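A quick write-up on the structure given underneath.
Every number in this text was worked out from the coordinates using simple rules, so none of it is lab data. These numbers were taken from a predicted model, which means no experiment stands behind them. When we count neighbours, we look across all protein chains shown, and the Cβ atoms used for this are built from the backbone with ideal geometry, even at glycine.
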Amino acid sequence: MTRLLRSSDKIDITQYLPPFLKKDPHFRAVCEACSWEHENIRNAILDALNQFFVEKATWGLSMWERVLDLHPSPEDTYEQRRKKVLVKLQGTQTSTVSFLGKVVNAYGYGYIEEHNDKYYFNIYTTSTNTEDLKQMQNTIIYYKPAHLGLNVYLGFSWNGKIQFDGKYTYGSSITK
């Protein structure tokens, strides 16, 4: 993307002028001021261009979220917000375990365990933010096949064992 505007090197407009002009101190000072301003404008253009791409957007993420009707938590990082936008944009995909795993990981870290013979799947996640869990559940319910049930388990360790912390009840029923 930086090739869009010449190069990624710092701008020096004297490179486009005859060499003898660089020797005049007044002309050189004017050129340095113009080069500095040219560099600022180039960086502003590149920053604005980055907002069109979710993977690089910063201040433009709020526009993506408004269009997609997403409501991020105030403590969400840019990376978490980008993941949620990308999941919403990829919503027309087939609901595979891989896709639903991306949804889970957009709201924290976790994985999905299938039980196809019994028509349900388990979601194991480390997310503790109540709002994120509600959004994750709504997103999963929206994208999952209608005939499958789901269980959400909170607070697992990376070896796959459930660690009950006294706050949540683990079972095979869906509760809201």
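Descriptive notes on the structure:
- Treating r as the C-beta distance of Val97 and Thr126 and R0 as 22 Å, the FRET efficiency rounds to 0.75.
- Normalised alpha carbon radius of gyration of the range 1-149 [divisor 2.2 N^0.38 Å]: 1.64
- Residue (of Leu49, Val30, Tyr16) at the positive-pole extreme of the range 2-50, dipole from beta-carbon charges: Tyr16
- If the convex hull is drawn through the Cα atoms of the range 2-50, its volume per residue in Å³: 60
- Peptides 80-90, 120-130, 144-154, 18-28 ranked from most to least packed, by the mean per-residue count of other Cβ atoms within 10 Å: 80-90, 120-130, 144-154, 18-28.
- On full extension, the segment bounded by Glu114 and Val67 gains 13.6 nm, given 0.36 nm per residue less the C-alpha separation.
- Between Leu21 and His147, the modelled label-to-label distance comes to 7.5 nm, taking each label 7 Å out from Cα in the direction of the beta carbon.
- Cross-link table Lys56/Lys102; Lys56/Lys84; Lys83/Lys144; Lys118/Lys144; Lys83/Lys118; Lys88/Lys118, entries beyond 23 Å C-alpha to C-alpha: Lys83/Lys118; Lys88/Lys118
- Residue-span extension gain [Glu75 to Cys34] - 0.36 nm each, minus C-alpha spacing: 10.8 nm
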